[in-house]
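See structure below.
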Amino acid sequence: MSAVSPARATALRVVRRVFEQGAYADRALRAEAEGLDPRERALAKRLVFGVVQRHGTLEWIVSRHAKGRLQPEVRAALWLGLEQLLFLDGIADHAAISESVELAKPGPGHKVVNAILRRVQREGIELPADTDPQGAAIRHSHPEWLVRRWWDELGADETRALLAANNEPAELVLRINTLVPVDASQLPPGRREDDALVLDGPFDLAGSPLFAAGAITPQSRAAQRVARFLGPRPGERVLDLCAAPGGKTAHLAALMGGEGDLVAVEQHTGRAGVLQRTCERLHARNVTVVVADASRFQTDRPFDRVLLDPPCSGLGTLRSHPDLRWRVTEAAITQLAALQDRMLQAARGALKPGGTLVYSTCTISREEERLVGDERFQTLPHRDGTDGFYVARETP
């Protein structure tokens, strides 16, 4: 194992945790990659996210080359090798093969890894065409049920473009927190759009003094549009009904200039603690965190504006949450839609007459689109370069 790079050894541990223990890829990577230098950490992330994203495709390839049952560590090493050979640029074939073989040792399965990878290197792979949902699911590595759903809702061309975009790296975006004075010269290089900064390249966010000071925070361009769509004003009474982990809450506070009454609701005490700490780091001092069930929330002091960003399937965020595509089920979407309806009823009950309500989900699922008002927009990864969101606004 001494010949294996720290990045590949880390990637193997994370991939096995994801598919054998049900771990979340981003959380497992954060834990396993602690202590790696930035270059090794970046490579480990590329490997892990690539294997998790391409799992369906990789398994299709393995099923056509491997005979018999493979040990979990052998299968994971094979996935990593295939990902590097077929889908990652800048990695030499000999390194991809030799280190994947080492990862599969000391058992005899390393011989299988060596044989399959060398055959793929020689002969290549011809994936099914994406002319129908079944072929598209294999070629672009998404569950077939999801491909069929999008095929019906968006059409074949849009679906193919969306599937391809979901396997690309997510853009790196920060929100500049206007509650904290910061000199523009201190910011990392990037393109500015309102409070959003689209970074030109990798950035050590956790090690940045600006992050520690609350001057910047990660948030996609689509997510940043949500708070602006609600349009809160200084001095108003505003409700964020499903607030954790707090990114949109803190953005609302910034748009209010820190003035007014911003109530942030979260049902689970642990997540409420995360929400509170997020608001403290981002200097959102006009926020009051309330632990309550959003679907049953009631108040005798109605709000000028209400944001409802309820639990959803998250299918608009597959680039940054690669394992989510394998976790979500059709049954879960139906259950979520019913919960969203209950929460929407509570949100409307908390609104002043003539107030403004915004409903937002980070998903691409017609079943989860609530018909709220006449003003709405949708972002799509392949079209807008950011997360997929559905956002609607009404003023009763």
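A few comments on the model shown:
- Average projection area in nm² (convex hull over Cα atoms of segment 1-77, one quarter of hull surface): 5.4 nm²
- Relative contact order, percent, segment 239-364 [alpha-carbon distance under 8 Å, six or more residues apart]: 29 percent
- Listed by chain and number, the lysines placed with their C-alpha closer than 24 angstrom to that of residue 352 are 248; residues fewer than eight positions away on the same chain are left out.
- For segment 117-161: span of alpha carbons on each principal axis (Å, largest first): 41, 17, 13
- Exposure rank, largest accessible area first [93, 157; 1.4 Å]: 157, 93
- Rg over Rh, two decimals, segment 147-280 (C-alpha only, Kirkwood Rh): 1.03
- The candidates 65, 94, arranged from most to least accessible area with a 1.4 Å probe in the full protein assembly, appear as 94, 65.
- With N the number of residues in segment 254-396, Rg(Cα) / (2.2 N^0.38 Å) evaluates to 1.09.
- Rounded to the nearest Hz, the phi-derived 3J(HN,Hα) couplings of segment 306-320 under the Karplus curve 6.51 cos²θ - 1.76 cosθ + 1.60 (θ = phi - 60°) are 10, 10, 10, 10, x, x, 9, 6, x, 6, x, 10, 5, 5, 8, where x marks glycine and proline.
- Alpha-carbon spread of segment 258-300, three principal axes, descending order, Å: 29, 25, 9
- Calculated P(r) of segment 226-310 - Cα pairs past 17 Å, %: 37 percent
- Angstrom value of the Kirkwood radius, inverse mean 1/r, which spans all Cα pairs in the chain: 22.7 Å
- Residue among 103, 52, 115 farthest towards the positive dipole end of segment 48-123, charges placed on Cβ: 115
- Between the residues 339, 284, 224, the greatest Cα displacement towards the positive end of the dipole of the chain, with unit charges on the Cβ of Lys, Arg, Asp and Glu, is found for 339.
- 14 Å tail of the calculated P(r), segment 330-396, as % of Cα pairs: 60 percent
- Computed over segment 297-370: relative contact order in percent, which uses C-alpha pairs under 8 Å that are six or more apart: 54 percent
- For residue 105, the lysines whose Cα falls under 24 Å of its own Cα, not counting residues fewer than eight places away in the same chain, are 45, 67.
- Dividing the radius of gyration of the alpha carbons in segment 284-323 by their Kirkwood radius gives 1.09 for Rg/Rh.
- Relative counts (whole %) of C-alpha pair distances in segment 1-143, using bins that are 5 Å wide: 2, 10, 20, 23, 21, 14, 7, 2, 0, 0
- About the centre of its Cα atoms, the chain shows a dipole size close to 800 debye [charges on the beta carbon of Lys, Arg (+1) and Asp, Glu (-1) only; nearest 20 debye].
- Angle of helix 109-123 to the longest C-alpha principal axis of the chain, folded into 0 to 90 degrees and rounded to 10: 90°.
- Segment 300-370 pair-distance distribution - Cα-Cα, 5 Å bins, rounded %: 3, 17, 24, 18, 15, 10, 7, 4, 1
- From most to least packed by mean Cβ count within 10 Å, the peptides 20-31, 255-266 give 255-266, 20-31.
The values are calculated or read from the model by the stated rules, or taken from the named source; none is laboratory data. Here the structure is a predicted model, which means the values were calculated and not measured. Please note: Cβ atoms are built from the backbone with ideal geometry, for glycine as well, and neighbour counts cover all protein chains shown. Remember, those area values only see protein heavy atoms, side chains included, never the ligands or the DNA or RNA. Shrake-Rupley method; radii C 1.70, N 1.55, O 1.52, S 1.80 Å.
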